[in-house]
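The values are calculated or read from the model by the stated rules, or taken from the named source; none is laboratory data. Predicted model, so just to flag it, every value in this text is computed and none were measured. Neighbour counts are summed over all protein chains in view; Cβ atoms, including those assigned to glycine, are modelled from backbone coordinates with ideal geometry.
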Amino acid sequence: MTLASDIITRAYRESNLVTLAAGESTAQQTEALPLLNEQLLSTLGFEAGAEISDLNIGGTYDQSAYCSTWVPANARLVLNLSAAASFKLDPQPYEGQRLAIVDAGNNLATYNLTLDGYGRQIESSSALTLSTNGDNREWLYRADTANWVKITALATGDTMPLPQEFDSYFTTRLAMRLNPRYGQALPQETVAELKKIENKISARYRKPRPRQDMPIGLLGERRSSFGLSQADFNAGRTWRW
């Protein structure tokens with residue numbers, strides 16, 4: 001698995017800003033890490049994954065009923081709990097599906113929230129109990145590991161949350177931010193490769209179409225939960241006018 005420090009080293013090497021033997025300095029790592037985190041966090045909801053929508057859990061405008069079976073796709077649970085709660089996660093999440101929580105009531109230590117992976121893992125466990133006041137977390141589903149991985153700002157020794165096949169995306173994007181500080185520009189070959197990997201990451205984390213073999217009622221429900229409009233449904237049909 002790739003560490004954040006590996007991405008930083010590769011970004012400096014992309015335009016030969018540092019030598020292979022010497023590597024980057026501690027000061028250069030310190031400069032690069034916030035830029036890498038910016039690239040990672042801004043990728044979600046744009047190149048990878050859909051926009052998140054809020055659901056009120058507890059409080060005056062409680063919407064917990066929407067989670068009675070499992071938590072809907074791409075939901076942020078805004079917690080104002082008055083009792084401990086437990087929710088099941090989607091039993092068939094798609095690649096790049098997102099999930100988030102924010103403890104608006106600032107009382108998770110008193111009223112814990114348990115998230116059941118429901119056949120998948122969350123942070124490499126079958127279930128996760130949250131008990132820190134003011135907690136604010138986000139996850140992205142990785143189908144290759146059947147795991148909801150935590151998305152957060154990284155330290156240099158932390159593992160990149162996305163698959164290794166997308167390392168070059170973050171390497172090149174980080175190099176683009178670092179190069180002007182050294183009066184350098186990315187080679188055209190690197191720019192061309194970045195365009196390819198941007199297309200790949202967008203395709204990998206595109207929201208899926210509903211299965212056509214689903215019952216009509218379920219098909220409508222899934223289309224609505226995925227945020228698909230009639231225009232989305234007709235996308236690519238050449239007979240439209």
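A compact table of results
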| read-out | value |
| --- | --- |
| Single condition S68 does not satisfy, out of (1) within 30 Å of A11 (Cβ to Cβ); (2) free of Cβ contacts under 8 Å to residues at least 12 places away in the same chain | (1) |
| All positions within the range 1-15 that are farther than 16 Å from F166 by Cβ and in contact (Cβ under 8 Å) with a residue 40 or more places away in the chain | S5, Y12, S15 |
| Single residue of the range 200-227 satisfying the filter (among the polar types (S, T, N, Q) and surrounded by 11 or more Cβ atoms within 10 Å (Cβ to Cβ)) that is modelled with the highest pLDDT | S202 |
| Top-ranked residue of the range 133-169 - restricted to ones that are assigned to a loop (DSSP other than H, G, I, E, B) and of a type in the set (D, E, K, R), ranked as nearest to the chain's Cα centre (by Cα) | D144 |
| Every residue from the range 166-182 that is touching a residue at least 24 places away in the same chain (Cβ under 8 Å) and surrounded by fewer than 16 Cβ atoms within 10 Å (Cβ to Cβ) | R181, Y182 |
| Long-range neighbours under 6 Å by Cβ, at least six apart or interchain, first residue in the same structural domain as P72 (by TED's automatic domain parsing) within the range 112-124, second β-branched (V, I, T) | N112/T129; T114/T129; L115/I122 |
